[in-house]
Amino acid sequence: MTKMSGAVRGLVTALAALLAVTTASTTARATADPKSPADFTALRAVDPTILQEIRYRTPHNFVGEPVDGYREPLCILTRPAAEALHRAQLRLRRQGYGLKVYDCYRPQRAVDHFVRWAEDLDDQSMKGEFYPHVDKTRLFDDGYIAEKSGHSRGSTMDLTLVRLPARPTRPYRPGEPLVPCYAPRAERFPDNSVDMGTGFDCFDPLAHTLDPRVQGPQRAHRLLLKNTLEDLGFVNLAEEWWHYTFKPEPYPDTYFDFPVSRKSLTGRP
(Lines give C-alpha, C1' and ligand atoms only; values in the text may rest on other atoms or scores of the structure.)
Protein backbone atom coordinates (compact mmCIF):
# COMPACT_ATOMS: atom_id res chain seq x y z
CA MET A 1 0.00 0.00 0.00
CA THR A 2 2.84 2.38 0.86
CA LYS A 3 4.61 1.57 -2.41
CA MET A 4 1.40 2.16 -4.35
CA SER A 5 0.82 5.53 -2.64
CA GLY A 6 4.37 6.55 -3.42
CA ALA A 7 3.92 5.59 -7.05
CA VAL A 8 0.69 7.53 -7.24
CA ARG A 9 2.32 10.52 -5.60
CA GLY A 10 5.17 10.32 -8.08
CA LEU A 11 2.77 10.15 -10.98
CA VAL A 12 0.79 13.11 -9.68
CA THR A 13 4.01 15.10 -9.24
CA ALA A 14 5.12 14.28 -12.77
CA LEU A 15 1.74 15.23 -14.23
CA ALA A 16 1.74 18.48 -12.26
CA ALA A 17 5.18 19.31 -13.60
CA LEU A 18 4.09 18.53 -17.16
CA LEU A 19 0.98 20.66 -16.72
CA ALA A 20 3.06 23.53 -15.42
CA VAL A 21 5.41 23.34 -18.40
CA THR A 22 2.48 23.14 -20.84
CA THR A 23 0.71 26.05 -19.18
CA ALA A 24 3.85 28.13 -19.21
CA SER A 25 4.43 27.31 -22.86
CA THR A 26 0.82 28.17 -23.75
CA THR A 27 1.01 31.40 -21.80
CA ALA A 28 4.25 32.32 -23.54
CA ARG A 29 2.68 31.73 -26.94
CA ALA A 30 -0.40 33.71 -25.98
CA THR A 31 1.66 36.69 -24.93
CA ALA A 32 4.18 36.48 -27.76
CA ASP A 33 2.09 38.37 -30.32
CA PRO A 34 3.33 41.89 -31.01
CA LYS A 35 1.12 44.89 -30.34
CA SER A 36 0.35 47.87 -32.52
CA PRO A 37 1.82 51.33 -32.02
CA ALA A 38 -0.49 53.64 -30.08
CA ASP A 39 -1.56 55.56 -33.21
CA PHE A 40 -3.30 52.56 -34.79
CA THR A 41 -7.06 52.42 -34.31
CA ALA A 42 -10.12 50.38 -35.22
CA LEU A 43 -11.92 52.16 -38.06
CA ARG A 44 -15.25 51.68 -36.26
CA ALA A 45 -14.00 53.89 -33.44
CA VAL A 46 -13.52 56.73 -35.94
CA ASP A 47 -16.47 56.12 -38.28
CA PRO A 48 -18.94 53.32 -37.51
CA THR A 49 -20.97 54.12 -40.65
CA ILE A 50 -18.30 52.74 -43.03
CA LEU A 51 -19.25 49.17 -43.90
CA GLN A 52 -16.74 46.40 -43.31
CA GLU A 53 -16.57 43.09 -45.18
CA ILE A 54 -13.14 41.79 -44.23
CA ARG A 55 -12.71 39.15 -46.89
CA TYR A 56 -9.50 37.58 -45.57
CA ARG A 57 -11.28 36.60 -42.36
CA THR A 58 -13.54 34.43 -44.53
CA PRO A 59 -13.01 31.68 -47.14
CA HIS A 60 -14.27 33.99 -49.91
CA ASN A 61 -10.90 35.13 -51.22
CA PHE A 62 -8.32 33.92 -53.74
CA VAL A 63 -6.72 31.60 -51.14
CA GLY A 64 -10.04 29.93 -50.37
CA GLU A 65 -9.70 29.92 -46.58
CA PRO A 66 -9.35 32.41 -43.71
CA VAL A 67 -5.91 33.98 -43.87
CA ASP A 68 -3.32 33.82 -41.09
CA GLY A 69 -3.44 36.74 -38.69
CA TYR A 70 -7.07 37.74 -39.23
CA ARG A 71 -8.53 36.87 -35.84
CA GLU A 72 -11.49 39.26 -36.08
CA PRO A 73 -13.38 40.81 -39.02
CA LEU A 74 -11.91 44.19 -38.17
CA CYS A 75 -10.49 47.12 -40.11
CA ILE A 76 -7.41 48.55 -38.36
CA LEU A 77 -5.61 51.61 -39.70
CA THR A 78 -3.24 54.32 -38.61
CA ARG A 79 -5.34 57.10 -37.12
CA PRO A 80 -4.54 59.65 -39.89
CA ALA A 81 -5.75 57.18 -42.54
CA ALA A 82 -8.91 56.36 -40.58
CA GLU A 83 -9.72 60.04 -40.07
CA ALA A 84 -9.20 60.74 -43.77
CA LEU A 85 -11.59 57.90 -44.64
CA HIS A 86 -14.12 59.48 -42.29
CA ARG A 87 -13.86 62.74 -44.23
CA ALA A 88 -14.36 60.84 -47.50
CA GLN A 89 -17.41 59.12 -46.05
CA LEU A 90 -18.98 62.46 -45.13
CA ARG A 91 -18.52 63.74 -48.70
CA LEU A 92 -19.90 60.62 -50.31
CA ARG A 93 -22.93 60.37 -48.05
CA ARG A 94 -24.06 63.78 -49.29
CA GLN A 95 -24.21 62.19 -52.77
CA GLY A 96 -26.07 59.07 -51.66
CA TYR A 97 -23.03 56.79 -51.43
CA GLY A 98 -20.98 55.22 -48.69
CA LEU A 99 -17.71 53.34 -48.35
CA LYS A 100 -17.16 49.66 -47.72
CA VAL A 101 -13.73 48.26 -46.84
CA TYR A 102 -12.61 44.77 -47.80
CA ASP A 103 -9.17 44.93 -46.18
CA CYS A 104 -7.12 47.42 -44.18
CA TYR A 105 -4.01 46.72 -42.10
CA ARG A 106 -2.61 43.30 -43.08
CA PRO A 107 -0.07 41.53 -40.87
CA GLN A 108 3.13 40.16 -42.39
CA ARG A 109 2.04 36.64 -41.43
CA ALA A 110 -0.93 37.06 -43.80
CA VAL A 111 1.39 38.13 -46.61
CA ASP A 112 3.51 35.05 -45.86
CA HIS A 113 0.34 32.95 -46.18
CA PHE A 114 -0.27 34.46 -49.62
CA VAL A 115 3.29 33.60 -50.66
CA ARG A 116 2.96 29.97 -49.51
CA TRP A 117 -0.33 29.69 -51.38
CA ALA A 118 1.17 31.15 -54.56
CA GLU A 119 4.04 28.67 -54.42
CA ASP A 120 1.62 25.72 -54.12
CA LEU A 121 0.78 25.30 -57.79
CA ASP A 122 -1.58 22.41 -57.05
CA ASP A 123 -3.98 24.66 -55.13
CA GLN A 124 -6.22 26.16 -57.82
CA SER A 125 -9.51 25.97 -55.91
CA MET A 126 -10.48 29.64 -56.37
CA LYS A 127 -9.06 30.17 -59.85
CA GLY A 128 -12.50 30.22 -61.47
CA GLU A 129 -13.43 33.47 -59.72
CA PHE A 130 -10.27 35.38 -58.91
CA TYR A 131 -7.71 34.59 -61.63
CA PRO A 132 -9.39 32.74 -64.52
CA HIS A 133 -6.96 34.02 -67.19
CA VAL A 134 -3.76 34.01 -65.11
CA ASP A 135 -1.39 31.06 -64.94
CA LYS A 136 -0.53 30.61 -61.28
CA THR A 137 3.16 30.36 -62.15
CA ARG A 138 2.94 34.05 -63.19
CA LEU A 139 1.52 35.49 -59.95
CA PHE A 140 4.88 36.80 -58.69
CA ASP A 141 6.22 38.00 -62.05
CA ASP A 142 2.96 39.78 -62.88
CA GLY A 143 2.88 41.53 -59.52
CA TYR A 144 -0.25 39.97 -58.09
CA ILE A 145 1.63 38.44 -55.14
CA ALA A 146 4.70 39.88 -53.38
CA GLU A 147 6.67 39.14 -50.23
CA LYS A 148 5.88 42.57 -48.78
CA SER A 149 2.65 44.59 -48.85
CA GLY A 150 1.95 48.24 -48.23
CA HIS A 151 -1.05 47.07 -46.20
CA SER A 152 1.35 45.94 -43.47
CA ARG A 153 2.38 49.58 -42.91
CA GLY A 154 -1.14 50.42 -41.74
CA SER A 155 -2.23 53.23 -44.09
CA THR A 156 -3.42 51.19 -47.08
CA MET A 157 -6.91 49.84 -47.56
CA ASP A 158 -9.03 48.04 -50.17
CA LEU A 159 -12.49 49.54 -50.54
CA THR A 160 -15.48 50.23 -52.75
CA LEU A 161 -18.67 52.28 -52.96
CA VAL A 162 -22.16 51.25 -51.94
CA ARG A 163 -25.44 52.99 -52.71
CA LEU A 164 -27.29 54.05 -49.57
CA PRO A 165 -29.18 52.56 -47.92
CA ALA A 166 -26.90 49.56 -48.39
CA ARG A 167 -28.44 46.16 -48.93
CA PRO A 168 -27.00 43.17 -47.05
CA THR A 169 -24.70 40.77 -48.87
CA ARG A 170 -25.38 37.07 -48.48
CA PRO A 171 -22.60 34.90 -47.05
CA TYR A 172 -20.34 32.96 -49.39
CA ARG A 173 -20.91 29.20 -49.28
CA PRO A 174 -17.64 27.26 -49.66
CA GLY A 175 -17.83 24.97 -52.67
CA GLU A 176 -20.48 26.98 -54.52
CA PRO A 177 -19.93 27.41 -58.27
CA LEU A 178 -17.43 30.15 -59.06
CA VAL A 179 -18.06 32.89 -61.62
CA PRO A 180 -15.21 34.96 -63.14
CA CYS A 181 -14.63 38.24 -61.34
CA TYR A 182 -14.91 40.14 -64.63
CA ALA A 183 -18.30 38.65 -65.60
CA PRO A 184 -21.33 40.97 -65.80
CA ARG A 185 -22.41 42.10 -62.36
CA ALA A 186 -25.64 40.09 -62.44
CA GLU A 187 -23.62 36.90 -62.89
CA ARG A 188 -20.85 37.56 -60.35
CA PHE A 189 -21.01 36.73 -56.66
CA PRO A 190 -23.56 39.18 -55.21
CA ASP A 191 -21.99 42.21 -53.56
CA ASN A 192 -23.77 45.32 -52.31
CA SER A 193 -21.03 47.39 -53.95
CA VAL A 194 -21.98 49.49 -56.95
CA ASP A 195 -20.81 48.01 -60.24
CA MET A 196 -17.08 48.68 -60.57
CA GLY A 197 -16.63 46.52 -63.65
CA THR A 198 -14.98 43.65 -61.76
CA GLY A 199 -15.22 42.14 -58.34
CA PHE A 200 -12.70 42.79 -55.57
CA ASP A 201 -9.29 41.09 -55.87
CA CYS A 202 -9.78 40.36 -59.55
CA PHE A 203 -6.40 39.33 -61.01
CA ASP A 204 -7.07 40.75 -64.45
CA PRO A 205 -6.19 43.90 -66.45
CA LEU A 206 -9.86 44.88 -66.36
CA ALA A 207 -9.29 45.69 -62.69
CA HIS A 208 -6.82 48.44 -63.64
CA THR A 209 -8.47 51.63 -62.43
CA LEU A 210 -8.44 53.41 -65.79
CA ASP A 211 -8.64 50.44 -68.16
CA PRO A 212 -10.18 51.97 -71.30
CA ARG A 213 -12.55 49.03 -71.78
CA VAL A 214 -14.39 49.98 -68.59
CA GLN A 215 -16.86 52.72 -69.51
CA GLY A 216 -20.31 54.05 -68.59
CA PRO A 217 -21.54 53.77 -64.99
CA GLN A 218 -18.68 51.42 -64.07
CA ARG A 219 -16.06 54.01 -65.01
CA ALA A 220 -18.09 56.77 -63.34
CA HIS A 221 -18.11 54.79 -60.09
CA ARG A 222 -14.36 54.21 -60.24
CA LEU A 223 -13.75 57.90 -60.88
CA LEU A 224 -16.07 58.98 -58.07
CA LEU A 225 -14.11 56.84 -55.64
CA LYS A 226 -10.76 57.92 -57.08
CA ASN A 227 -11.48 61.64 -57.21
CA THR A 228 -13.00 61.73 -53.75
CA LEU A 229 -10.11 59.90 -52.12
CA GLU A 230 -7.31 61.59 -54.04
CA ASP A 231 -8.71 64.98 -53.08
CA LEU A 232 -8.18 63.98 -49.44
CA GLY A 233 -4.61 62.71 -49.75
CA PHE A 234 -5.01 59.11 -50.90
CA VAL A 235 -3.00 57.55 -53.73
CA ASN A 236 -4.46 54.82 -55.92
CA LEU A 237 -2.57 51.75 -57.13
CA ALA A 238 -3.22 51.93 -60.87
CA GLU A 239 -3.53 48.15 -61.23
CA GLU A 240 -6.32 47.82 -58.64
CA TRP A 241 -9.36 50.10 -58.58
CA TRP A 242 -9.96 49.20 -54.90
CA HIS A 243 -6.45 49.88 -53.51
CA TYR A 244 -5.60 53.22 -51.85
CA THR A 245 -2.86 54.48 -49.53
CA PHE A 246 -3.12 57.60 -47.39
CA LYS A 247 -0.07 59.84 -47.69
CA PRO A 248 2.15 60.75 -45.98
CA GLU A 249 2.40 57.40 -44.22
CA PRO A 250 3.42 57.48 -40.55
CA TYR A 251 5.36 54.23 -41.08
CA PRO A 252 6.61 54.25 -44.69
CA ASP A 253 9.34 51.65 -44.08
CA THR A 254 7.86 49.44 -41.34
CA TYR A 255 5.98 46.19 -41.97
CA PHE A 256 4.04 45.19 -38.87
CA ASP A 257 2.96 41.69 -37.84
CA PHE A 258 0.52 42.15 -34.96
CA PRO A 259 -2.72 40.16 -35.52
CA VAL A 260 -5.94 41.78 -36.69
CA SER A 261 -7.78 41.91 -33.39
CA ARG A 262 -8.84 44.45 -30.80
CA LYS A 263 -6.34 42.92 -28.37
CA SER A 264 -3.54 44.01 -30.68
CA LEU A 265 -4.44 47.68 -30.29
CA THR A 266 -2.45 49.42 -27.58
CA GLY A 267 -4.12 52.80 -28.05
CA ARG A 268 -7.61 53.81 -26.98
CA PRO A 269 -10.23 53.10 -28.01
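On inspection, L74 qualifies as at pLDDT 95 or above, buried (at least 19 other Cβ atoms within 10 Å of the Cβ) and under 11 Å from the mean Cα position of the chain (by Cα).
Does segment 66-74 contain at least one residue that is touching a strand residue (DSSP E or B) at 6+ places or on another chain (Cβ under 8 Å), among the small types (G, A, S) and assigned to a loop (DSSP other than H, G, I, E, B)?
yes
Let's see how each residue does on (1) more than 20 Å from the chain's Cα centre (by Cα); (2) in the same structural domain as S125 (by TED's automatic domain parsing); (3) under 21 Å from D103 (Cβ atoms):
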{"position": "A183", "(1), (2), (3)": "yes, yes, no"}
{"position": "M196", "(1), (2), (3)": "no, yes, yes"}
{"position": "G199", "(1), (2), (3)": "no, yes, yes"}
{"position": "Q215", "(1), (2), (3)": "yes, yes, no"}
{"position": "H221", "(1), (2), (3)": "yes, yes, yes"}
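Considering only residues that are within 10 Å of the chain's Cα centre (by Cα) and in a loop (DSSP other than H, G, I, E, B), look in segment 53-65 and name the one that is farthest from A118 (Cα to Cα). Walk me through it before giving the result.
Step one: of segment 53-65, the residues within 10 Å of the chain's Cα centre (by Cα) are 53-58, 61.
If we keep only those that are in a loop (DSSP other than H, G, I, E, B) too, we end up with 53-54, 58, 61.
Numbers: E53: 23, I54: 21, T58: 18, N61: 13 Å.
Selected residue: E53.
Of all residues in segment 153-178, those satisfying the criterion of being surrounded by 21 or more Cβ atoms within 10 Å (Cβ to Cβ) and either among the small types (G, A, S) or part of a loop (DSSP other than H, G, I, E, B) (or both) are G154, S155.
The values are calculated or read from the model by the stated rules, or taken from the named source; none is laboratory data. What you are looking at is a predicted structure, and each value in this text was computed from that prediction instead of being measured. In this analysis, Cβ positions are derived from the backbone assuming ideal geometry, glycine residues included, and neighbour counts consider all displayed protein chains.
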